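Q: First, the structure itself, so that you have it in front of you.
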């Protein structure tokens, strides 16, 4: 009888814990979707990706990788503003690999059109065999979930001091080589 009571108590405890999980399936699915998307943008195993490749070719490569995640308007905006080559340029300037370590999402607003605005914070690791830097980066995005699944309708990132300094280093190296 004691065993039955213990099992019942344990079972009710587990059910209580499961009920306290305030993260819905949609939120878990969205976090996985955004993590996959940002990983496609940030994970760079070869810091020399731009060597002997025109930046347009690199941008096209990243564009194809993230196309399933974004609306055509967002993809066009990122391409026209050359946002898709910034992280490869930083990796090259530093001679480091890049990896998205974590992302957290915070819901800001549900819009009338069904889209949802989020603030996010990413932890990005820039590393090589000798050292690593973990950089926190903030941004905002808007998502919508329709018949075709999640899509990102807006994505904005605040460039960090670390990235700005690396971009300056990259531009100086490009200037010196010409």
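Q: Between 128, 119, which is farther than 14 Å from residue 156 by Cβ and in contact with a strand residue (DSSP E or B) (Cβ under 9 Å, 6 or more places away or on another chain)?
A: None of the others qualify; the one that does is 128.
Q: Another question about this same structure. Given the criteria over 27 Å from residue 148 (Cβ atoms), in a helix (DSSP H, G or I) and touching a strand residue (DSSP E or B) at 6+ places or on another chain (Cβ under 9 Å), does residue 47 qualify?
A: Against the criterion (over 27 Å from residue 148 (Cβ atoms), in a helix (DSSP H, G or I) and touching a strand residue (DSSP E or B) at 6+ places or on another chain (Cβ under 9 Å)), residue 47 does not qualify.
Q: State yes or no: is residue 76 part of a helix (DSSP H, G or I), more than 16 Å from residue 47 (Cβ to Cβ) and without any contact (Cβ under 8 Å) to a residue 12 or more places away in the chain?
A: Spelling it out, residue 76 is indeed part of a helix (DSSP H, G or I), more than 16 Å from residue 47 (Cβ to Cβ) and without any contact (Cβ under 8 Å) to a residue 12 or more places away in the chain.
Every residue, every condition in (1) in contact with a helix residue (DSSP H, G or I) (Cβ under 7 Å, 6 or more places away or on another chain); (2) part of a strand (DSSP E or B), yes or no:
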position: 93; (1), (2): yes, no
position: 103; (1), (2): yes, yes
position: 106; (1), (2): no, yes
position: 122; (1), (2): yes, yes
position: 129; (1), (2): no, no
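To keep it simple, each residue is scored yes or no on (1) surrounded by fewer than 16 Cβ atoms within 10 Å (Cβ to Cβ); (2) touching a strand residue (DSSP E or B) at 6+ places or on another chain (Cβ under 6 Å).
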site: 36; (1), (2): yes, no
site: 55; (1), (2): yes, no
site: 73; (1), (2): yes, no
site: 89; (1), (2): no, no
site: 103; (1), (2): no, yes
site: 115; (1), (2): no, yes
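Q: Among the residues of region 117-138, write down those that are surrounded by fewer than 17 Cβ atoms within 10 Å (Cβ to Cβ) and within 16 Å of the chain's Cα centre (by Cα).
A: 117, 119, 121, 123, 134, 136, 138
Q: Sticking with this structure for a sec: In region 146-175, what residues are under 18 Å from the mean Cα position of the chain (by Cα), within 22 Å of residue 63 (Cα to Cα) and outside any helix (DSSP H, G or I)?
A: Matches in region 146-175: 149, 150, 151, 152, 153, 154, 155, 156, 157, 158, 159.
Q: For region 131-156, which positions are free of Cβ contacts under 8 Å to residues at least 40 places away in the same chain and in contact with a strand residue (DSSP E or B) (Cβ under 9 Å, 6 or more places away or on another chain)?
A: 132, 133, 134, 135, 136, 137, 138, 139, 140, 142, 144, 156
Q: Name the residues in region 160-177 that are without any contact (Cβ under 8 Å) to a residue 60 or more places away in the chain and either farther than 16 Å from residue 96 by Cα or in contact with a strand residue (DSSP E or B) (Cβ under 9 Å, 6 or more places away or on another chain) (or both), would you?
A: Selection gives 160, 161, 162, 171, 172, 174, 175, 176, 177.
Okay, residues lined up against (1) in a helix (DSSP H, G or I); (2) over 29 Å from residue 136 (Cβ atoms); (3) modelled with pLDDT under 85; (4) out of contact with any helix residue (DSSP H, G or I) (no Cβ under 6 Å at 6 or more places or on another chain):
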residue	(1), (2), (3), (4)
5	yes, yes, yes, yes
23	no, no, yes, yes
29	yes, no, no, yes
36	yes, no, no, yes
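The values are calculated or read from the model by the stated rules, or taken from the named source; none is laboratory data. Note that the structure is a prediction, hence the values are computed from the model and not measured. For neighbour counting, all protein chains shown are included, and Cβ atoms are generated from backbone atoms with ideal geometry for every residue, glycine included.
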